[in-house]
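Peer 1: Before I ask anything, let me first share the structure, which is written out below as structure tokens.
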Amino acid sequence: MSNSQQLSNTLVHLWVFNHPLHGISDQIKYFTMSLNQHGYNVSVGRKPLPDALNVVIENFSDATSRTLINFCRTSGKRVAVIMTEHLDFIKNEIYIHGDPLWSDNDYMNPVTQVSRIKNLMDCVQYIRCFFVLGDLPELLNINDMFPGIAVRTLPFPEIKKLSQ
């Protein structure tokens, strides 16, 4: 079987249980276009698929991290996570959006910062890899914070020019 035949049989499922669709439509479009253009069958839905590589978009609450953990424990599967936050590990310190953790900023209050990172950490043993859409976030030294979890960059999808 050729590589292209293997890819055409591979189902990648974007499991969007932890987000309102209107807030992630750009990420869904990027993800599906990029993977389709590279030969993968992609689906999107509110429930995981037991026969697919399930991919989730980062941003877990206590409840949604429990949902993910329960699925993984029950199914024996792990998931890939699309990283959305600029999370870096510099000189043994966690940075979020360029500022040290617990910094006040107008994007995300410190309690929310810590909660999101804690909930992500709760899921670590069930994460196969992190996906980055294009060139951001950089995730500087993320392997020092999450050893053994690979970071994979999904290439920018090709956008066809409109003919005039």
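The values are calculated or read from the model by the stated rules, or taken from the named source; none is laboratory data. Quick caveat, the model's predicted, so the values are computed rather than measured. Note that we place each Cβ from the backbone using ideal geometry, even for glycine, and neighbour counts take in every protein chain shown. Keep in mind that these areas ignore ligands, DNA and RNA; they rest on the heavy atoms of the full protein, side chains included. Shrake-Rupley method; radii C 1.70, N 1.55, O 1.52, S 1.80 Å.
Peer 1: Could you tell me whether LEU120 is in contact with an Asp or Glu (Cβ under 7 Å, 6 or more places away or on another chain) and buried (at least 19 other Cβ atoms within 10 Å of the Cβ)?
Peer 2: yes
Peer 1: State whether the residues of segment 138-149 include one that is free of Cβ contacts under 8 Å to residues at least 24 places away in the same chain, closer than 27 Å to SER34 by Cα and in a helix (DSSP H, G or I).
Peer 2: Yes: segment 138-149 contains one or more residues that are free of Cβ contacts under 8 Å to residues at least 24 places away in the same chain, closer than 27 Å to SER34 by Cα and in a helix (DSSP H, G or I).
Peer 1: Taking segment 125-144 as the region of interest, how many residues are more than 12 Å from the chain's Cα centre (by Cα) and closer than 23 Å to THR67 by Cα?
Peer 2: Going through segment 125-144 one residue at a time, the tally reaches 2.
Peer 1: So, of the residues in segment 122-152 that are out of contact with any strand residue (DSSP E or B) (no Cβ under 9 Å at 6 or more places or on another chain) and modelled with pLDDT under 95, which turns out to be nearest to LYS29 (Cα to Cα)?
Peer 2: LEU136
Peer 1: Additional query: Does MET121 count as part of a loop (DSSP other than H, G, I, E, B) and over 12 Å from the mean Cα position of the chain (by Cα)?
Peer 2: So MET121 does not fit the description; no.
Peer 1: Restricting attention to segment 91-98, does a residue exist that is open to solvent by less than 50 Å² (accessible area, probe 1.4 Å) and under 21 Å from VAL56 (Cα atoms)?
Peer 2: yes
Peer 1: Give, as residue ranges, the strands (runs of 3 or more DSSP E) completely inside segment 19-88 that count at least 1 residues that are touching a Ser or Thr at 6+ places or on another chain (Cβ under 7 Å) and closer than 27 Å to ASP99 by Cα.
Peer 2: Answer list for segment 19-88: 53-57.
Peer 1: What number of residues within segment 60-90 are open to solvent by 50 Å² or more (accessible area, probe 1.4 Å) and closer than 21 Å to ASN141 by Cβ?
Peer 2: 2
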